[in-house]
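The values are calculated or read from the model by the stated rules, or taken from the named source; none is laboratory data. Since the structure is predicted, the reported quantities are computational estimates derived from the model, not experimental observations. Using ideal geometry, Cβ is built from the backbone for each residue, glycine included, and neighbour counts are taken over all protein chains shown. Remember, those area values only see protein heavy atoms, side chains included, never the ligands or the DNA or RNA. Shrake-Rupley method; radii C 1.70, N 1.55, O 1.52, S 1.80 Å.
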Amino acid sequence: MKLGRIFGDAVGLREAASIVFALAALLPLLVTVLALHRSGALWSFEAEAMVLVALATAVIGFIVFRVMVDRVVRLAGSLVGAGEAVVRDADTALVPGIGRVTEIGQIGTAFARMLDDLRGSTERLEDLVFKLGALNEVVELAARVPNMQQLLALVLERTMRTVRAATGSIMLLDRKRGTLRVVAARGDDGDVSVGAEVPLGEGVAGKVAQLGELQLAEAGRLVCLPIRVEDRVTGVIKLAKGDASLLDPRAFSAMDVQFLSTLIAHVAYALENARLLEDSRSTTQRLQQVVEELRTAQTRLVEGETVRALGQMASGMAHHLNNLLAVVSGRLQLLLMRSQDVAVRKPLETAQRAVGDAAEVVRRVLGFSAAQPVAETTRVDLNEIAADVIELTRPRWQDAAQLHNAMVDIRFEPGEDVVVAGEPAPLREVLMNLVLNALDAMPGGGALTLRTWVQDGWVYCSLGDTGAGMSADTRQRALEPFFTTKGPKGVGLGLSVSLGVVQRHRGEMDIQSTEGQGTVVTLRIPCPGVTPPPDTVPLAPRPVAPLRILAVDDEPTVLEALADTLGEDGHRVLTAGGGREALTVLDGGERVDVVITDLGMPGMTGWELARALRTRQPDLPVGLISGWTSSADFSAEEASHVAFVIAKPYTLGALRTALAPFRPRR
């Protein structure tokens with residue numbers, strides 16, 4: 001029988017130590033004694049002394065060895081807890097020739113348990129470090145990404161990756177509507193998509209938002225946490241696990257839940273900060289818009305006050321100029337009526353045209369100050385206007401430029417059917433002013449391009465130069481009245497008057513300029529719906545029967561010229577120097593067929609006289625001659641008191657046309 005089989009069962013460490021000591025120490029001693037006995041040397045004094053010393057040494061060694069083994073046994077007992085099973089079949093407890101030693105098995109079991117604990121602690125530590133890294137990353141994202149939608153998508157992606165969730169969504173609470181709206185979603189959950197809504201109190205997410213408490217469902221495989229700012233729930237985050245694996249169990253661990261709670265606390269405040277930032281940006285934009293509107297309103301108010309002041313000044317000036325022009329025009333027409341000598345009539349006709357041009361200038365000044373649209377009566381071809389302007393300015397851009405050795409290249413690119421409705425003279429003046437401004441901007445020469453075209457129901461005319469251009473501030477103020485960059489020689493009304501003309505044609509003016517690269521001014525006027533020009537209407541003939549006319553004006557020279565003109569045309573004229581004097585004449589028994597009165601008179605205006613006569617003699621027609629305004633400016637109530645309106649300076653044709661419908665009263 002083998003020695004290993006004798007000690008096949010488990011033994012204690014003390015027994016095993018005794019066996020080992022016996023085999024290692026006593027057995028060799030006995031063999032030695034036996035050998036000495038057979039040789040006869042045992043009974044010598046030296047041999048007996050050696051045997052005795054060896055035996056004493058073995059006994060002392062056994063005692064020391066046994067004490068050491070006892071301490072190892074106690075250590076093994078302390079490593080194994082009370083009532084804890086010993087792994088008896090562990091390979092570490094097997095000693096060849098002796099069997100399994102209990103204490104060695106206990107020590108092996110303890111070390112195996114400690115190794116397992118260390119491995120588990122390491123894994124938990126790694127998971128904790130991973131989660132802390134994810135938490136730090138989310139905090140950095142919250143500080144770096146101001147857009148709430150992008151932030152939520154990134155937070156959801158990092159959170160799902162950290163806790164190994166298969167699907168997830170973030171929902172924000174709309175308290176007014178009582179719903180949760182999905183703002184971020186990931187995974188294969190077809191029931192939840194961005195934009196979907198969940199009623200408050202329904203489902204896991206709805207209940208969490210309503211109660212404000214974390215909920216685990218589906219055996220811990222689904223977790224839903226409230227996103228809370230202080231005591232206010234602003235939304236929820238919902239996560240679910242996928243299929244189970246050894247590395248990823250399906251249930252969320254306590255550490256996962258703790259991590260999610262900590263993360264969502266940070267995310268909640270980050271979302272609140274992002275929301276506040278968006279609100280502040282939105283408020284700032286609204287404030288900026290309000291400020292811009294206030295600035296625009298202030299600018300328009302200032303412009304309106306400026307234009308109003310200009311209008312008052314222009315209106316008063318126009319009244320006096322028209323009175324003077326009415327005298328000159330009336331006298332010239334009288335001379336033309338009385339003279340048939342060609343040599344005399346030619347200079348008189350020239351003077352009469354000059355008076356008409358002067359009257360047109362006054363009307364344009366009034367039109368600029370009033371900014372009223374022109375009547376769509378005349379077809380104006382912008383190609384013809386542009387060609388006229390190029391020829392009229394030729395002495396400036398050709399002759400004067402050559403004199404100063406500054407060549408100007410003018411290119412004209414005409415479009416087709418560039419016809420607008422309006423007045424040719426003001427439009428011609430606008431283009432001429434723009435051409436002269438462009439030439440002033442190119443003192444050393446350059447290129448000037450004039451183009452016309454039609455697009456989307458608008459007629460366009462642009463004029464571009466290669467001159468000095470304008471700064472942003474100059475371009476912004478270019479259309480302001482009295483703003484000029486020409487120094488003392490400029491009055492600053494050219495572009496502002498031009499803008500007024502374009503606006504009265506229901507058009508717009510745009511200026512594009514870069515300093516050092518030139519300027520392009522573009523006009524656009526709507527396509528017309530016009531009638532034939534008024535100069536195709538023939539001059540009204542002389543009246544069939546002379547009329548008795550009462551002429552009323554506070555300016556003696558104007559009144560005298562009007563009376564002479566009407567008298568020369570065959571009428572009998574009575575005069576009055578004001579409204580009250582006219583009423584006195586009529587109350588005195590004078591019968592007249594028509595009353596022609598000035599509008600602006602001291603004491604009693606033309607309107608007041610017309611209303612008084614409408615009350616006293618309803619069938620007596622009253623006409624107005626005014627240097628202030630035209631019939632287009634009257635209200636329906638005002639127009640009902642008068643039969644006609646003639647603008648100063650009047651013409652014989654206008655008088656005949658206005659008086660043609662009337663016959664002598666009986």
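Apart from one condition, Phe483 fits all of (1) at pLDDT 65 or above; (2) within 32 Å of the chain's Cα centre (by Cα); (3) more than 24 Å from Trp453 (Cα to Cα); (4) open to solvent by less than 60 Å² (accessible area, probe 1.4 Å); the exception is (1). The criterion of at least 3 residues that are open to solvent by 40 Å² or more (accessible area, probe 1.4 Å), touching a residue at least 24 places away in the same chain (Cβ under 8 Å) and over 17 Å from Leu495 (Cβ atoms) is met by the following strands (runs of 3 or more DSSP E) wholly inside segment 400-467: 408-413, 446-455.
Can you give me the number of residues within segment 265-279 that are out of contact with any Lys or Arg (no Cβ under 8 Å at 6 or more places or on another chain) and of a type in the set (Gly, Ala, Ser)?
Looking only at segment 265-279, we keep the residues that are out of contact with any Lys or Arg (no Cβ under 8 Å at 6 or more places or on another chain), and these are 266-267, 269-279.
If we keep only those that are of a type in the set (Gly, Ala, Ser) too, we end up with 270, 274.
The total comes to 2.
Among the residues of segment 469-480 satisfying the criterion of being open to solvent by less than 60 Å² (accessible area, probe 1.4 Å) and at pLDDT 75 or above, which is farthest from the chain's Cα centre (by Cα)? Once the filter is applied, the top-ranked residue is Gly469. Which of (1) polar (S, T, N, Q); (2) surrounded by fewer than 16 Cβ atoms within 10 Å (Cβ to Cβ); (3) more than 36 Å from the chain's Cα centre (by Cα) is the odd one out, the single condition Ser193 does not satisfy? Unmet for Ser193, out of (1) polar (S, T, N, Q); (2) surrounded by fewer than 16 Cβ atoms within 10 Å (Cβ to Cβ); (3) more than 36 Å from the chain's Cα centre (by Cα): (3). Taken over segment 205-236, residues that are touching a helix residue (DSSP H, G or I) at 6+ places or on another chain (Cβ under 6 Å) and aliphatic (A, V, I, L, M) amount to 6.
Quick check, is Gln289 modelled with pLDDT of 70 or more, open to solvent by 30 Å² or more (accessible area, probe 1.4 Å) and within 23 Å of Gln476 (Cα to Cα)?
On the way: modelled with pLDDT of 70 or more: yes; open to solvent by 30 Å² or more (accessible area, probe 1.4 Å): yes; within 23 Å of Gln476 (Cα to Cα): yes.
For Gln289, the condition - modelled with pLDDT of 70 or more, open to solvent by 30 Å² or more (accessible area, probe 1.4 Å) and within 23 Å of Gln476 (Cα to Cα) - is met.
Whether a residue is in contact with a strand residue (DSSP E or B) (Cβ under 6 Å, 6 or more places away or on another chain) and at pLDDT below 90 was assessed, and Ala540 does not pass this test. Considering segment 495-521 alone, what residues qualify as being within 28 Å of the chain's Cα centre (by Cα) and either of a type in the set (Phe, Trp, Tyr) or open to solvent by 30 Å² or more (accessible area, probe 1.4 Å) (or both)? Result: Glu508, Asp510, Gln512, Thr514, Glu515, Val520.
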